[in-house]
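K.L.:
The structure follows.
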2 protein chains.
Amino acid sequence: MTYRVHVRVMPRAGLLDPQGQAVEHALSALGFAETRTVHVGRAVEIEVDAKSRDEAEARARLMCDRLLANPVTEDYQVEVEAD
Amino acid sequence: MTYRVHVRVMPRAGLLDPQGQAVEHALSALGFAETRTVHVGRAVEIEVDAKSRDEAEARARLMCDRLLANPVTEDYQVEVEAD
């Protein structure tokens with residue numbers, strides 16, 4: 001079965017996020033006064049063949065550990081889309 | 001009230017996604033044979049002051065239209081985190 005997995009890779013809290021700050025400033029310049037902090041990271045969508053949801057999630061986490069995220073500077077979240 | 005809004009900006013289906021293809025190849029070179037298509041986009045996390053969830057979502061959509069997404073080449077999805 002094929003599962004669609006959504007991965008979000010974000011800069012770790014407390015580390016520099018210049019892209020997020022740039023967007024924060026741009027939004028405020030555009031008049032969006034209600035925005036507080038903004039963080040920008042990467043969104044990765046992967047179609048994974050797996051026997052179960054859990055297996056798809058486990059494989060996606062392994063992909064994050066091995067390629068998609070920098071373990072020193074980034075955190076990631078994995079979500080398997082409902083069938 | 002402050003809502004945390006997750007935005008995913010992805011290359012529109014059918015348009016070139018060289019970053020996604022690069023990740024696809026890298027994953028397959030690392031032995032992840034179970035991956036099919038991969039797409040890479042941006043994840044934006046915004047803290048928004050709003051009176052309601054719906055208002056937070058509407059404002060975030062406006063931010064996407066005005067700044068965060070390219071209306072010609074990208075699609076976006078907005079999710080307001082549960083309180």
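The values are calculated or read from the model by the stated rules, or taken from the named source; none is laboratory data. As the structure is a prediction and not an experimental result, all values here were calculated from the model. Neighbour counts run over all protein chains shown; Cβ positions are idealised from the backbone, glycine included. What goes into the accessible areas is simple: the full protein's heavy atoms, side chains included, and nothing from ligands, DNA or RNA. Shrake-Rupley method; radii C 1.70, N 1.55, O 1.52, S 1.80 Å.
K.L.:
Could you say whether any residue in segment A:48-63 is in contact with a strand residue (DSSP E or B) (Cβ under 8 Å, 6 or more places away or on another chain) and under 25 Å from B:Cys64 (Cα atoms)?
P.N.:
Taking every residue of segment A:48-63 in turn, none turns out to be in contact with a strand residue (DSSP E or B) (Cβ under 8 Å, 6 or more places away or on another chain) and under 25 Å from B:Cys64 (Cα atoms).
K.L.:
Right, here's the next one. Within the set of pairs 6+ apart or on separate chains, which have a first residue in segment A:17-41 that is closer than 19 Å to A:Asp75 by Cβ, a second that is at pLDDT below 95 and of a type in the set (Gly, Ala, Ser), and C-beta atoms under 9 Å apart?
P.N.:
Correct list of pairs: A:His39/A:Ala13.
K.L.:
Find the residue count for segment B:38-67, including only residues that are open to solvent by less than 60 Å² (accessible area, probe 1.4 Å) and either more than 17 Å from the chain's Cα centre (by Cα) or within 7 Å of chain A (Cβ to nearest Cβ) (or both).
P.N.:
Total meeting the criteria: 13.
K.L.:
Within chain B, which strands (runs of 3 or more DSSP E) (wholly inside it) include 3 or more residues that are hydrophobic (A, V, I, L, M, F, W, C)?
P.N.:
Filter on chain B gives B:2-11, B:35-49.
K.L.:
Tell me yes or no: at least one residue of segment A:15-26 is open to solvent by 80 Å² or more (accessible area, probe 1.4 Å), aliphatic (A, V, I, L, M) and at the interface with another protein chain (Cβ under 10 Å from one of its Cβ atoms).
P.N.:
Looking through segment A:15-26, none of the residues is open to solvent by 80 Å² or more (accessible area, probe 1.4 Å), aliphatic (A, V, I, L, M) and at the interface with another protein chain (Cβ under 10 Å from one of its Cβ atoms).
K.L.:
Right, next: Which of (1) more than 7 Å from chain A (Cβ to nearest Cβ); (2) crowded, with 19+ Cβ neighbours inside 10 Å does B:Glu79 not meet, given it meets every other one?
P.N.:
Condition not satisfied by B:Glu79: (2).
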